[in-house]
Structures are given as structure tokens and as C-alpha cells.
Amino acid sequence: MTVMGTDSVTGSPLFAPGLPEQAPQQALTSVAVLGLGYVGLPTSIGLAEQGMRVIGVDVSERRLQDVSEGSVDLADPERERLRSAVELGGLTLTSDPGALQAADAVVICVPTPVDENFAPDLRFIRGACNTVVEQARRDQVIVLTSTTYVGTTRELLIQPLAERGLRAGCEVFVAFSPERIDPGNRRFTQEDTPRVVGGATSECARSAAAIVGGVAARVHVVSSPETAEMTKLYENTFRAVNIAFANEMAGASRSYGLDPVEITRAAATKPYGFMAFQPGPGVGGHCIPCDPHYLLEGLRGRRGYAPVTERAMKSIAMRPTAVVCRALEVLAEQGVRAGEARVLVVGAAYKPGVRDVREAPAVRIMRELAHDGVAVSYHDPLVRSLEADENLALLSVPRPHPADYDLALLVTLHHGQDYAWLDDFDHVLDCTYETPLGRKRALI
């Protein structure tokens, strides 16, 4: 099989470079997706809409129930697509790992977080790969999509499978194809975004491309799983480094009394050699705060060194603390001490349009403000409650009254929401750099 997908503009077939034309190993009609989180669930929906029989497998019974009921963090159109996939039988749900054996292909979509010391937490990916190896059968296609360190596919899948007598490219077909799903992004959906595939052999790449090509604009085939793994780390480390730099330039601009956003927009008029990144309160979620640490950890094992990335990740980790320091400075300018201050944090989710608070800078900001003695409240129409730590559980304030607070600290503004009430606040610290609301606006 040489067709890897279709061009999103012309609809013409795309071919994997360097792969000889061969007949497909088998007709793929069923796929098991292991892990139904922010990657696995949209992947399952997309595959079901391509006519595949999809088996969604997750260890969490609660997650399976939420998926079945549609009470998951998806936009309304995607929620309707999920309902159709479940009701029409294209997507079935189970917690039984034995169900993997029934599928022609297995797609692994599990989290790859970091721990409190920013070291990669490999429990989920090791557990998932062990399960897949145990359940694997001859002629299956196995595709790992989770962002991870270079060498994972070979170490956790290809080699253990070979020890079972299932050689990649012969008895089974193994590849790495990093996910490129951006939750809440309506402009670049899964179906509009190209995918990279690196197989253990050319036939492995071809078989994997036949799967991911059904839910991607096109497929770009690279020479190995390690190349595909490094590609993903490069993508997200690029973003991390440039976000850290944008934050640095925002601080430099403020030192001169200049507007960082105006400067960024002006620089972006240059049609070459510049890419605009926006400053902000920090980064959260599943990618930017985590993925570069998988690169750094792997390099340490090889005595490699990436000083720019190291410095950028330290800067990103400290950004919420910088926000807190600036907030206390703004309060002090009003003559309000931390122990007497009342601060409303606007936006708890890690980015606009989602309910996800994983690694959210707002949570750390609230926790640090509370530690400094500030009375903290928050408003987020998508996040009704949260626990910043064991001593700080909060409910979103539905209708904040400006008189109740000394400062509104803007972290995440959701699209389509009315924030005009912020105009009545005397003091606003705008960490989004996006709104002129408030009678007196400060920046980081």
C-alpha cells in the first residue's frame, strides 16, 4: 500500500517517500485505542468515522462511563460526533486488556507526564506497552503515539515483541507516530494536521500510515521510530524555548515602558526570519511543560547537553512565581500588604476553550498567593471547582463584584465569554496581554 492519506487542499493521494509499492499485508477493519484521554478519544472518533470498528480501552471505569455518557471535555461538534460513534456501534468501550487481541491494529495513547522534580514519569507508557506486548498477536499493527524519549518504541515494543517471537516487519508491524492534537484549537483540527510516521521497517511504516492516514490531512514518513520520536520532541521544545523568549522580551519591553504586544505584532510583519510567540502567565497542560524534559533526560544518559533548552525550561517553571511577585508589587503600589490583600484570579484552565487544569499556571499562582497570605478567589465559567493543594479547595465565583477585590489577575480568558465586568476593577494585572480592561492595567 502506498497511499498515505489525501491532501487536505486538492484531495489527491499522497505517497510515502522511499517506500516501494507493495500490496497491503492485510485489510485493516478494526482498531483498539489504548487510552481514551485528550488524544485517544478524538483518535477513536476519527477512526470510527472512517468505517473502522474501534475498541476503546481504558483502565479507568469512570473515564469509560464519562465517554459513554458524553460528559467529557469536547466542543459541541465533537461531542455530537462521539455520540454518533457510540450509538451507531462504531466505538465500543471496555477496560478489558484482552480486547486488544481482537483488533487488527492497536494505537497507544497514554499520558507521559513529569514528576514534581520534572523527571519523566514512565509508569503509564511502560504499563501500556507491557500490556500491548502481552496481548499482541501475529499480523497486528502497533502504533505508539505518546510523546516520549528517543528509543522508547524500540525499547518498550520492538525488542519485547521480538522476545515473544513477534519480529517487527515480519510477524507484527510496529511504528511511532506522534500525536498532534491541540485541545480547543478550532483552526487546526486533527483531520487538518499532517502526521509523521517512523516504522521499524518500511512495511511497518506503510501499515501504520494506513491507520493514521485515516485521521490526518497527510502522512510524512521518516526513516525510523527514533526519527519520529525526536521530531515530536523538537516540535514542542521549539515552542517552549520561544515562549520563554517571548516572556523575556515582554519584561524587557516593560522596562522601557513599551507595549510587548504592539512590538510583537510589528515584528511579525517581517515575512521571513521571525515567528510570533505571545508572552503569558506560564504554560500548562500535557505538552510544553513536560515534553522537553523527555529530551533533556535522554540527553543526560548520553552525556549530551542542551543549554538553551535547560535555561528555557527553568524560565518556564519560574513564570508563575514571577506573576505572583508582580502581583504583590502591584498591590504594594496601592498600599495593600499581602496579608490583607484580596485577589481574584480570572481563568483557571491552562488555555482558553478547555476545562483542563493540568499543570495550569493559574493553579500554581493561586497556591503561591495563598501561601503569601493573600485571600484568593477565582472565576472560570468552564472550571467550576478545583483543589490548588490539600489546604486550598475553591469554587468558581460566578459573578465577581469588583468592590470585593484589590486586584483582578487575568490568566486565561475563554473565547465567547463576557468579561466586560472587568472594566469596573480599579486594578488589573493582565497576564494574557490581550485586554485593555480595568481602570488601571498592569503587565508582567
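Values in this text are rule-based calculations from the coordinates and carry no lab data. Keep in mind that this is a model prediction, so the values were computed, not measured. Backbone-built Cβ (ideal geometry, glycine too); neighbour counts: all protein chains shown.
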Subject >> Angle between the chain longest axis and helix 40-49 axis [Cα atoms, degrees, rounded to 10] >> reply: 50 degrees
Original post:
So how much slack lies between Arg342 and Asp115, counting 0.36 nm per residue of separation and subtracting their Cα-Cα distance, in nm?
Top reply: 78.6 nm
Subject >> Length gained when the stretch His371-Glu134 is fully extended (0.36 nm per residue, less Cα-Cα span) >> reply: 80.6 nm
Original post:
Roughly what % of DSSP beta bridges within segment 318-442 run antiparallel, to the nearest 5?
Top reply: 20 percent
Original post:
What translational diffusion coefficient, in µm²/s and rounded to a whole number, does the Stokes-Einstein relation yield for segment 351-394 at 37 °C and a viscosity of 0.692 mPa s, taking the hydrodynamic radius as the Kirkwood radius over Cα pairs?
Top reply: 300 µm²/s
Original post:
What number of lysine-lysine pairs in the chain show an alpha-carbon separation below 29 angstrom, given a sequence spacing of 8 or more or placement on distinct chains?
Top reply: 6
Subject >> Alpha-carbon spread of segment 318-442, three principal axes, descending order, Å >> reply: 35, 33, 25
Original post:
With the radius of gyration and the Kirkwood radius both derived from the Cα set of segment 3-223, what is their ratio Rg to Rh?
Top reply: 0.94
Subject >> At R0 = 30 Å, FRET efficiency that the Cβ-Cβ distance of Ala317 and Arg164 yields, to 0.05 >> reply: 0.15
Original post:
Percent antiparallel among DSSP beta bridges with both residues in the chain, to the nearest 5?
Top reply: 20 percent
**OP:** Choose one answer from Ala327, Ala375, Ala266: the residue with the largest mean-square fluctuation in a GNM of the chain with alpha-carbon springs under 10 Å.
**Re:** Ala266
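As an exercise, use a Förster radius of 45 Å and the Cβ-Cβ distance of Glu297 and Asp424 to find the FRET efficiency, rounded to the nearest 0.05.
Efficiency at R0 = 45 Å is approximately 0.40.
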Original post:
Of the beta bridges DSSP finds with both residues in segment 3-223, what % are antiparallel, to the nearest 5?
Top reply: 15 percent
**OP:** Could you tell me which of Ser224, Leu422, Val411 has its Cα farthest along the dipole of the chain towards the positive end, charges placed at Cβ (Lys, Arg +1; Asp, Glu -1), taken about the Cα centre?
**Re:** Ser224
Original post:
Hey, in the GNM for the chain with a 10 angstrom Cα cutoff, which one of Ser202, Ser223, Ser255 fluctuates hardest?
Top reply: Ser255
**OP:** Only Cα pairs under 8 Å and at least 6 apart count here; give the relative contact order of the chain as a rounded whole percent.
**Re:** 12 percent
**OP:** Quick one: check the C-alpha center-to-center distance for segment 167-206 versus segment 334-412, whole angstrom.
**Re:** 38 Å
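Normalised radius of gyration for segment 198-271, please: alpha carbon Rg relative to 2.2 N^0.38 Å, two decimal places. Don't skip to the answer; put the middle values down first.
Details: Rg = 19.6 Å, N = 74, 2.2 N^0.38 = 11.3 Å.
Dividing the Cα radius of gyration by 2.2 N^0.38 Å gives 1.74.
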**OP:** Take the alpha carbon gyration tensor of segment 80-161, find the square roots of its eigenvalues, order them as a ≥ b ≥ c, and report rounded if a/c is under 1.5; if not, report prolate when a/b exceeds b/c, else oblate.
**Re:** oblate
